[in-house]
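First the structure, in the form of structure tokens, and then the observations on it.
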Amino acid sequence: MDARRPRRSGYRDGVRRDDFTGPADLRAMQLMASRLWTPTSRFHPGQLAWSRYVQPVDPAVTAPDEAISLWRDGTAVVGFGWAEAPDWLEVQVDPAHPEVADEVALWFEEWSDAERQSVITMEGDVMEAALDRAGFEPRREEPWITHHVLDLAELPDVPAVDGYRFRHVEPGEARVRAACHAAAWSDDAPSPVDEAVYSALMAAWPYRHDLDWVAVDASGQMVASALVWLDPATGVGLLEPVGCIPEHRGRGLAGAVTLAALHRLRDLGARTAQVTPRGDDGYPGPQRLYRSLGFRPTARTVTWTRALD
Ligand SMILES: CC(C)(COP(=O)(O)OP(=O)(O)OC[C@H]1O[C@@H](n2cnc3c(N)ncnc32)[C@H](O)[C@@H]1OP(=O)(O)O)[C@@H](O)C(=O)NCCC(=O)NCCS
């Protein structure tokens, strides 16, 4: 047994903690994110699906250097911690249960053996006080994400781009869709997205192929893409991710395919679109792209770190 792992589950103050046991728990985390969604809340349910399935993964278990715990009050999830690695924690806690924030910080401390640990949270989030109590310090200058929203009543028209057309993906197109994503997302390192990974994404709730849009060139090749995840409970669609393969950049394709996807989102009855690009100056292009489409900033993340002796 992994020495880092604390007790498997436990009760404290009526709230129970359990280790992740598979897709039903991911769905429960997504339902919490949906229930708590605001323009400034940490997660959209689509983000959790994307984050979980964007690399090869066994849906039933966490990776050896990964841990996920859920805190429940009765049957409702009121917080989760997702240690993507010993030095990196993703977290969301129901503001009505601030005590769970301390529990998550303690759980991460017990599980992690990293000398330097980081937690990313929204500015003003219920986690901040708990992180402060646990000895973490805010690093506002470290790269951050700025949440943006767009009122779909103000959606611009889709511009024509000579030589290209826009369409949604069909269910049997995982291989070519994955190739389009990977070619756009391999500037720094090869993308892990292949046919198997994309098939898992397509099977994940709340993926819909009619909200997965691509630009195709005259030969029919997919060259740019925009994937939208619609949460039917809130009517909010998350744009994650957008990409254009290098040879076709700078022609307005990413913006146009995004607008095409958002028009379908609006046709489905959604009211709001969200996107979460980098907000710092280290990678400003995507934020500029989304603002040019009408997205406006709401809140930013802050990375909190602590170094253990
Ligand atoms: C970011 C990306 C999607 C842009 O694709 P693109 O087709 O070249 O974008 P567009 O031509 O539609 O650009 C629209 C606007 O976005 C802005 N923009 C896009 N890329 C930019 C960059 N690298 N630097 C600065 N501004 C940029 C510009 O304001 C541009 O408007 P302009 O034509 O008036 O200059 C593409 O570079 C890419 O796939 N990068 C890797 C993946 C990525 O970072 N995706 C976005 C994060 S989800």
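The values are calculated or read from the model by the stated rules, or taken from the named source; none is laboratory data. Here the structure is a predicted model, which is why all the values come from computation and not from measurement. Ideal geometry is used to build each Cβ from the backbone, glycine not excepted, and the neighbour counts take in all protein chains shown. Keep in mind that these areas ignore ligands, DNA and RNA; they rest on the heavy atoms of the full protein, side chains included. Shrake-Rupley method; radii C 1.70, N 1.55, O 1.52, S 1.80 Å.
The alpha carbons of segment 85-200 occupy a box of 57, 37, 28 Å along the principal axes, longest dimension given first. Taking all protein chains in place and a 1.4 Å probe, what share, in percent, of the accessible surface of segment 147-262 do carbon and sulfur account for? Carbon plus sulfur share of accessible area: 52 percent.
Show log10 I(q)/I(0) for the chain at q = 0.12 Å⁻¹, two decimals, from a solvent-free Debye sum over equal Cα scatterers. These q points yield log10 I(q)/I(0) values of -0.82.
Put a dot 7 Å past the Cα of residue 16, heading toward its Cβ, do the same for residue 296, and the two dots end up 4.4 nm apart. Per residue of the chain, the DSSP helices (runs of n ≥ 4 H) give a summed -39500 (n - 2.57) that works out to -8500 deg cm²/dmol at 222 nm.
What's the carbon and sulfur percent of segment 7-97's accessible surface, probe 1.4 angstrom, rounded to a whole number?
Working: 2050 of 3690 Å².
Carbon with sulfur: 55 percent of the solvent-accessible area.
A DSSP coil position with no more than 16 other Cβ atoms inside 10 Å describes the following trypsin sites (Lys or Arg not before Pro) in segment 136-214: 140. Charging the Cβ of each Asp and Glu at -1 and of each Lys and Arg at +1, and nothing else, the dipole of the chain about its Cα centre rounds to 840 debye. Over segment 148-300, the Kirkwood radius and the radius of gyration, each from Cα atoms, give a ratio Rg/Rh of 0.93. Selection among 135, 98, 37 by position relative to the dipole of segment 1-136 gives 37 as farthest towards the positive end (Cβ unit charges, Cα centre). Using a probe of 1.4 angstrom and keeping all protein chains present, the accessible surface of the chain works out to 44 square angstrom per residue.
FRET efficiency for the residue 75 to residue 308 pair, using the beta carbon distance and R₀ = 30 Å, is estimated at 0.25. One decimal place: the segment residue 139-residue 209 gains 21.3 nm when fully extended, by the rule 0.36 nm per residue minus the C-alpha distance.
Write down, largest first, the equivalent ellipsoid semi-axes of segment 38-101 in whole Å, where each equals the square root of 5 times an eigenvalue of the alpha-carbon gyration tensor.
For segment 38-101, the ellipsoid semi-axes come out as 21, 14, 12 Å.
Between residue 249 and residue 175, the modelled label-to-label distance comes to 2.8 nm, taking each label 7 Å out from Cα in the direction of the beta carbon.
Summary of the geometry: segment 73-119 and segment 159-190, compared by the centres of their Cα atoms, lie 35 Å apart. The local environment of residue 228, defined by Cβ-Cβ distances under 13 Å, has a net charge of -2 under the rule Lys, Arg +1 and Asp, Glu -1.
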